[in-house]
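Novice: My structure is below; once you've seen it, I'll send some questions.
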Amino acid sequence: MGGYILKRILFAIPTLIGVTIGIFLMVRLLPGDIIDILFGGDLNASEEVKDKARAQLGLTGSYPEQYWRWISGVFQGDLGFSLRNTEPVSDIILGALPITLELVFLGLLIAVIVGVPLGVISAVKRDSAHDYAARVGGLVGVSIPSFWLATLLLLFTSRAFGWVPPLNYTAPWDDPIANLSQFILPAISISVFTLAIVMRMVRATMLEVLGQDYVRTARAKGVNRRTVVSKHALRNALIPVITIVGFEIGVLIGGAAIVEIIFGLPGIGYVLLQAIFGRDYPVIQAATLLIAFTFIFANLLVDILYGVVDPRISQE
Amino acid sequence: MSKDNASEAPDSPRAGELNRRELLVKAGAVGVGAVAAGSLAGGAKAATRRTRATPIKRGGRIIWALESDPVHVAPYGQILTSGHWGKEFAYDSLVEWDRNLNVKPALAASFKIVSKTEILWNLKKGIKFHNGKELTADDVVYSVGKMLNPPLPGSISTTPQVPSIAGADAVSKYVVRLRLKAPDARVIGFFAWGRYAPIVPEGLYDQINVARNAIGTGPYKMVGFNPNDRVEYVANQSFWKTGLPYMDAITLKTLPDEQARVAALRAGAIDGATLSVDVARSLANVSDLTVLKGPNAAFRELQMTIKVGEDKPWHDQRVRLAVMHGINRADIIQRVYSGEAEYSGFVPPGYGPWPLTDAELKQKYLKFDLVMAKKLMADAGLAKGFSVTMTCFAGQDYPQVSAVVQSQLKKLNIDVNIVAQESGTFGANNGAGRFDWDLTGRGMRGDVDGYVSEFHPAAANFKIWYPEYRNVKAWRGIGNGRIELDPAKRLPIYQEAQRQLLLNPVQIPLVAIKKYQVVRKRVQGMYVAYSDFNSGLRNVWLDG
């Protein structure tokens with residue numbers, strides 16, 4: 001297992017370097033650069049003034065030179081400075097990351113806590129009213145865009161209860177209740193799609209597992225149904241769920257941007273989106289690198305967990 | 001309950017339920033680009049309605065939602081309008097506009113134009129910055145230096161907005177000499193506008209992180225700024241205007257999503273916000289809310305390029321005039337804005353005494369006359385029309401206006417292909433002149449010159465956009481107007497320049513829109529500022 005993990009980490013390095021090159025080039029291929037943004041609509045700006053602005057922002061030199069300046073800084077822990085407000089990019093990322101991590105964690109927690117039991121019930125009570133309700137609910141869940149649901153929830157609570165989540169971020173250790181009340185609606189918004197996927201996946205694998213010989217043997221030996229489901233079947237049915245959760249961590253880190261914007265949560269997705277509009281290259285590059293790193297790390301974690309959940313895999 | 005602006009007489013388009021809904025496009029907020037500074041003097045008509053006044057009560061906190069993040073709050077070099085939203089309550093300038101855009105004394109009690117290139121400013125005595133330091137001439141000298149060369153995080157991209165200021169000297173403790181490189185009438189308006197001209201204490205950039213903090217003379221002291229989150233202010237108890245401010249604190253919360261702002265308003269989580277016309281009007285019957293509206297300097301226009309080496313149909317003046325008279329602005333006003341917009345020339349309505357009258361525009365220069373337009377096209381040998389690509393911002397009302405213009409110009413056999421672009425892409429292409437036509441919006445200017453200077457050959461963008469354009473009469477007016485310091489003499493110069501530009505247009509001004517803000521009933525004294533800032537918040541109070 002140790003050798004496997006090391007091999008995966010070594011493979012991750014060229015992947016990340018490839019990501020840095022890719023994102024470095026992609027943002028520069030976008031029409032317009034930050035100079036165009038800064039001078040957009042300006043009717044009296046000469047090329048000389050624009051060149052001075054480029055020098056002021058450190059945008060001189062060829063692309064390889066600019067890339068090397070940036071990547072060598074990254075290896076030294078220096079992510080550079082925002083072109084829009086000169087704040088250290090590391091400060092920007094560190095300020096936004098806890099918000100997104102909490103949002104993603106809560107979203108996935110809701111998805112798993114609700115999705116797994118629903119999937120089990122749906123499988124055990126196959127073709128019952130519960131099963132049909134869960135399957136229809138799952139279909140609706142994968143169809144609803146998270147940003148649409150977020151807006152709907154906000155408008156509903158404001159109209160029905162005269163309440164919206166608190167606008168100012170409170171850390172969970174400062175005031176857990178205020179923190180939870182701020183995150184509950186956005187977490188629900190981003191959880192629904194994953195919840196539906198988890199529910200459907202658990203249902204499908206449970207049905208498969210429940211049809212296995214060893215399950216029939218356990219039932220024949222008189223093991224009660226609850227023990228068969230929870231102890232013998234569920235553990236095997238959870239393996240695909242681990243895959244989904246690992247995959248969704250990476251997706252949601254960046255994909256929660258719209259929900260963050262709707263609820264006024266200054267997380268990573270929000271920061272990245274604003275940076276793209278403003279052509280703030282260092283922030284775009286750092287945030288994308290973080291998302292890529294999270295993706296790779298989460299998938300590595302998933303693979304390790306596979307070995308824990310399924311001893312056959314770790315032996316292989 | 002909504003409050004219509006009784007002082008305005010909106011156009012009266014044809015009646016009937018019109019097909020606006022099919023023009024609505026969901027879009028995010030898009031900031032309109034930077035503007036050139038200028039001076040504005042004399043009586044102005046940008047009066048807006050405000051919330052009904054009740055006896056003033058002191059205290060409390062108001063929470064206002066911003067539709068875009070300020071990014072940073074440095075006093076100089078801030079190109080974004082939202083950047084000024086974040087810092088405007090911390091700073092003042094030498095003069096200021098009142099709500100009708102009349103220039104009033106501010107930090108300077110008076111100024112004297114000594115010569116065409118020298119202005120003396122007499123500062124008020126005893127004004128304190130938020131750190132307790134008294135305002136003196138040295139602070140103004142320092143501030144002017146930063147205006148001319150804004151350090152990071154500001155951008156020197158704002159320096160073209162600054163008039164021909166050479167520098168400033170302290171004549172005495174409270175007297176400043178402002179030196180100009182050349183006669184430039186834009187100076188007074190530049191300071192009154194304040195966007196690029198706040199006065200800060202000497203040495204500010206060495207004392208604090210200006211990206212996150214502010215020290216000024218404004219009615220509120222900034223106590224915190226979290227990017228993408230909020231700006232926090234508390235009252236300046238030593239504010240130089242006795243009796244102000246009324247509030248204890250202001251919070252500016254960034255909420256880019258419009259529906260989130262609506263939800264927060266309904267729930268009472270915020271006290272006010274800017275909203276689009278349709279959304280604001282939908283809240284007209286909400287008992288706890290008041291809908292405010294006011295004229296806005298952001299008029300829409302159709303830009304064309306006339307470049308060397310190209311032989312495009314609109315290089316012919318007759319074709320441009322055909323487009324000018326082939327567009328039915330009343331139709332745009334009704335279909336896109338439900339009647340809540342006005343005809344606009346090159347200087348938008350409400351910008352002081354400078355714009356041409358509504359009657360003059362409707363009856364002559366912007367008159368919808370399809371017969372004349374077709375004749376002009378025929379005279380130019382283009383009765384069969386032509387095809388053109390028109391780019392526009394992908395957000396706000398631009399796609400809708402583009403669609404209406406497209407449908408109208410079909411009658412002239414002009415086939416307009418609309419390409420909506422993201423703001424960065426649009427700005428890049430626009431700045432480089434990489435377009436044939438585009439539909440865009442102008443913004444606020446400090447001086448009337450800012451609305452016409454782009455048509456003069458001395459302007460940088462002229463060389464990029466329309467180097468083949470000729471309009472000597474307009475050029476003469478623009479050149480003379482900039483160096484004439486007497487407002488009474490400037491007025492006829494600029495009005496004639498506008499007429500000449502409308503007779504031989506290279507851009508087609510369309511309509512001036514209105515800005516809507518919705519506040520909770522407890523907010524008193526608020527008004528929609530013409531400048532696109534939230535200046536009304538300086539003087540509000542809470543009733544209950």
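The values are calculated or read from the model by the stated rules, or taken from the named source; none is laboratory data. Source: prediction; values computed, not measured. Neighbour counts are summed over all protein chains in view; Cβ atoms, including those assigned to glycine, are modelled from backbone coordinates with ideal geometry.
Novice: Can you run down the residue pairs with Cβ atoms below 9 Å, 6 or more apart or on separate chains, where the first is in the stretch A:274-285 and at positive phi and the partner is assigned to a loop (DSSP other than H, G, I, E, B)?
Specialist: If the second residue must be assigned to a loop (DSSP other than H, G, I, E, B), the pairs left are A:Arg279/A:Leu30; A:Arg279/A:Gly32; A:Arg279/A:Asp33; A:Arg279/A:Leu83; A:Arg279/A:Arg84.
Novice: Could I ask something else about it? Please go through (1) of a type outside the set (Phe, Trp, Tyr); (2) within 14 Å of another protein chain (Cβ to nearest Cβ); (3) under 30 Å from A:Leu185 (Cβ atoms) for B:Leu292 and return the number of the only condition it doesn't satisfy.
Specialist: (2)
Novice: Go through the residues of the stretch B:100-114 one by one and say whether even a single one is more than 24 Å from B:Arg490 (Cβ to Cβ) and in a loop (DSSP other than H, G, I, E, B).
Specialist: Yes, some residue in the stretch B:100-114 is more than 24 Å from B:Arg490 (Cβ to Cβ) and in a loop (DSSP other than H, G, I, E, B).
Novice: Identify the residue in the stretch A:212-239 that is under 25 Å from A:Leu305 (Cα atoms) and small (Gly, Ala, Ser) and, among all such residues, is surrounded by the fewest Cβ atoms within 10 Å (Cβ to Cβ).
Specialist: So the residue we want is A:Ser230.
Novice: Could you look through the stretch B:257-276, keep only residues that are in contact with a strand residue (DSSP E or B) (Cβ under 9 Å, 6 or more places away or on another chain) and surrounded by fewer than 21 Cβ atoms within 10 Å (Cβ to Cβ), and pick out the one that is farthest from B:Gly525 (Cα to Cα)?
Specialist: Applying the first criterion (in contact with a strand residue (DSSP E or B) (Cβ under 9 Å, 6 or more places away or on another chain)) to the stretch B:257-276 yields B:258, B:260-262, B:264-266, B:268-276.
Now restrict to residues that are surrounded by fewer than 21 Cβ atoms within 10 Å (Cβ to Cβ): B:268, B:276.
Values: B:Gly268: 18, B:Ser276: 21 Å.
Ranking the candidates gives B:Ser276 first.
Novice: For the stretch A:246-253, state whether one or more residues are without any contact (Cβ under 8 Å) to a residue 60 or more places away in the chain, within 14 Å of another protein chain (Cβ to nearest Cβ) and on the phi < 0 side of the Ramachandran plot.
Specialist: no
Novice: In the stretch B:147-176, how many residues are surrounded by 17 or more Cβ atoms within 10 Å (Cβ to Cβ), away from every other protein chain (no Cβ under 14 Å) and not hydrophobic (A, V, I, L, M, F, W, C)?
Specialist: 1
Novice: Does A:Gly107 satisfy being touching a Gly at 6+ places or on another chain (Cβ under 9 Å), within 14 Å of A:Ile190 (Cβ to Cβ), surrounded by 22 or more Cβ atoms within 10 Å (Cβ to Cβ) and touching a residue at least 12 places away in the same chain (Cβ under 8 Å)? Full working, then the answer.
Specialist: Values: touching a Gly at 6+ places or on another chain (Cβ under 9 Å): no; within 14 Å of A:Ile190 (Cβ to Cβ): yes; surrounded by 22 or more Cβ atoms within 10 Å (Cβ to Cβ): yes; touching a residue at least 12 places away in the same chain (Cβ under 8 Å): yes.
Answer is no for this residue.
Novice: Turning to a different aspect of this structure: As an exercise: evaluate B:Val308 against (1) in a loop (DSSP other than H, G, I, E, B); (2) aliphatic (A, V, I, L, M); (3) under 24 Å from B:Leu502 (Cβ atoms); (4) modelled with pLDDT under 95 and give the number of the one condition it does not meet.
Specialist: It is condition (3) that B:Val308 fails.
Novice: Something else now. State whether one or more residues within the stretch B:395-411 are over 20 Å from B:Thr305 (Cβ atoms), in contact with a Lys or Arg (Cβ under 6 Å, 6 or more places away or on another chain) and modelled with pLDDT of 95 or more.
Specialist: Narrowing the stretch B:395-411 to residues over 20 Å from B:Thr305 (Cβ atoms): B:395-397, B:399-400, B:403-404, B:407-408, B:410-411.
Among the residues that remain, those that are also in contact with a Lys or Arg (Cβ under 6 Å, 6 or more places away or on another chain) are: B:404.
Within this subset, residues satisfying the condition of being modelled with pLDDT of 95 or more are B:404.
Scanning the stretch B:395-411, I find at least one residue that is over 20 Å from B:Thr305 (Cβ atoms), in contact with a Lys or Arg (Cβ under 6 Å, 6 or more places away or on another chain) and modelled with pLDDT of 95 or more, so the answer is yes.
Novice: For the stretch B:356-373, how many residues are assigned to a loop (DSSP other than H, G, I, E, B) and without any contact (Cβ under 8 Å) to a residue 12 or more places away in the chain? Walk me through it before giving the result.
Specialist: If we filter the stretch B:356-373 for residues that are assigned to a loop (DSSP other than H, G, I, E, B), which is where we start, we get B:356-357, B:366-369.
Checking which are without any contact (Cβ under 8 Å) to a residue 12 or more places away in the chain leaves us with B:357.
Residues in the stretch B:356-373 being assigned to a loop (DSSP other than H, G, I, E, B) and without any contact (Cβ under 8 Å) to a residue 12 or more places away in the chain: 1 in total.
Novice: Please list, ordered by residue number, the helices (runs of 4 or more DSSP H) wholly in the stretch A:163-259 having 2 or more residues that are under 15 Å from A:Val112 (Cα atoms). Show your work before the answer.
Specialist: Details: elements: A:176-210, A:213-220, A:234-237, A:239-255.
Output list reads A:176-210, A:234-237, A:239-255.
Novice: Among A:Val124, A:Val164, which is more than 14 Å from every other protein chain (Cβ to nearest Cβ) and either crowded, with 17+ Cβ neighbours inside 10 Å or not polar (S, T, N, Q) (or both)?
Specialist: Numbers: A:Val164 fails: more than 14 Å from every other protein chain (Cβ to nearest Cβ).
That would be A:Val124, the only listed residue that is more than 14 Å from every other protein chain (Cβ to nearest Cβ) and either crowded, with 17+ Cβ neighbours inside 10 Å or not polar (S, T, N, Q) (or both).
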